[in-house]
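To start, the structure itself, in structure tokens.
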Amino acid sequence: MYTIGQVAKFLGVSRDTLKFYEEKELVKPKQHIENGYRKYNHFDIYDLTTVNFYREIDIEIKKIQELRKSKSIEGIKSLLEEKEQEVLEEIEYKKLLLKKIQLVKDDCEKIKQSLGIFTVKEMKPLEIKGEIEHFTAYDEYDTLKKKTDSLKKAVTLTSLSRIIRFNKDGIIEEKFIITRKIDDFDKDIEGEILSHPRCIYTVIENGRWSTGGENIDYNVEASLRNFAIKKGYELLGLVYINLLLTTYEDGLERVFLEIYAPIK
């Protein structure tokens, strides 16, 4: 027989946790009649290790109470299969989130190397997961999120790309798309693929700290045209703008964007 202190120590749980389990009748140690101390036998230990396992896989107390009353081996297996699927889905999301963290780390390096510098580089393939006609079309965005199971939270919010179409007279159209980068061996491709082998590339800073909130679209367009003319490139009338990073200075946002302008 073991005291509550001994059980708490070798199971690695607190006395309060054990008392809580007792209150919920998940374990029922015998109480000494004379001094009122509770004593745990080996069956109580089995109960506690099982309860700890169920709690660790996030099975609620009420469900564990039901399991204590009666549950067949097949019933337990079915419950564990449900939890297994939940864990697998969470693992997949965590993989996406880890990948996004690594990409944003790379974006920090892009800012250091390319801010204000114009070069020519490839825009690597992107799969279009959905399209929004304007950034204020919130109903479209909500619908898109519901239809796209793999896009949520941070993974969704950092996958927005803005597309601007322009001609010699200026900007004629803009829209937003939700994209994902495609790996070399990616087989799960359902949407349209975007890619351009040659683009004028640069990183710019926007946001209220650097611009006072003014629209800099036309300044960016003019800079692209000047660089293209200087180097003898012909622009295709498209600009892709991707969010790299947002940070803050004196309470005002500094937004860093990468620009791809396809050329012939």
What tally of residues in segment 33-85 results from selecting those that are outside any helix (DSSP H, G or I) and more than 17 Å from Arg15 (Cβ to Cβ)? 10
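Name the residue that is modelled with the lowest pLDDT, counting only residues in segment 176-196 that are assigned to a loop (DSSP other than H, G, I, E, B) and among the β-branched types (Val, Ile, Thr).
Ile189
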What are the residues in segment 138-160 that are more than 16 Å from the chain's Cα centre (by Cα) and at pLDDT 50 or above, if any? Asp139, Asp142, Thr143
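What do you reckon, is Leu224 closer than 21 Å to Glu127 by Cβ, more than 23 Å from the chain's Cα centre (by Cα) and at pLDDT 85 or above? Spell out how you get there, then give the answer.
Values: closer than 21 Å to Glu127 by Cβ: no; more than 23 Å from the chain's Cα centre (by Cα): yes; at pLDDT 85 or above: yes.
Answer is no for this residue.
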Take segment 1-32 and flag every residue that is part of a loop (DSSP other than H, G, I, E, B), in contact with a strand residue (DSSP E or B) (Cβ under 7 Å, 6 or more places away or on another chain) and either closer than 22 Å to Lys69 by Cβ or at pLDDT 90 or above (or both). Pro29
The conditions are (1) outside any strand (DSSP E or B); (2) among the basic types (Lys, Arg); (3) surrounded by 13 or more Cβ atoms within 10 Å (Cβ to Cβ); (4) modelled with pLDDT of 55 or more, and Arg165 fails exactly one of them. Which is it? (1)
Hey, any hits in segment 197-206 for a residue that's under 18 Å from Ser114 (Cα atoms), buried (at least 19 other Cβ atoms within 10 Å of the Cβ) and either modelled with pLDDT under 90 or outside the structural domain of Leu115 (by TED's automatic domain parsing) (or both)? no
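Pick out the one residue from Ile263, Ile178, Ile172 that is of a type in the set (Val, Ile, Thr) and exposed (fewer than 11 other Cβ atoms within 10 Å of the Cβ).
Ile172
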Got at least one residue in segment 217-224 being assigned by TED's automatic domain parsing to the domain that holds Ile200, out of contact with any Ser or Thr (no Cβ under 8 Å at 6 or more places or on another chain), crowded, with 19+ Cβ neighbours inside 10 Å and part of a strand (DSSP E or B)? no
In segment 103-133, how many residues are of a type outside the set (D, E, K, R), part of a helix (DSSP H, G or I) and modelled with pLDDT of 90 or more? 4
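The values are calculated or read from the model by the stated rules, or taken from the named source; none is laboratory data. All figures in this text were calculated on a predicted structure; none of them were measured in a lab. Every residue, glycine as well, gets a Cβ built from its backbone with ideal geometry; the counts of neighbours run over all protein chains shown.
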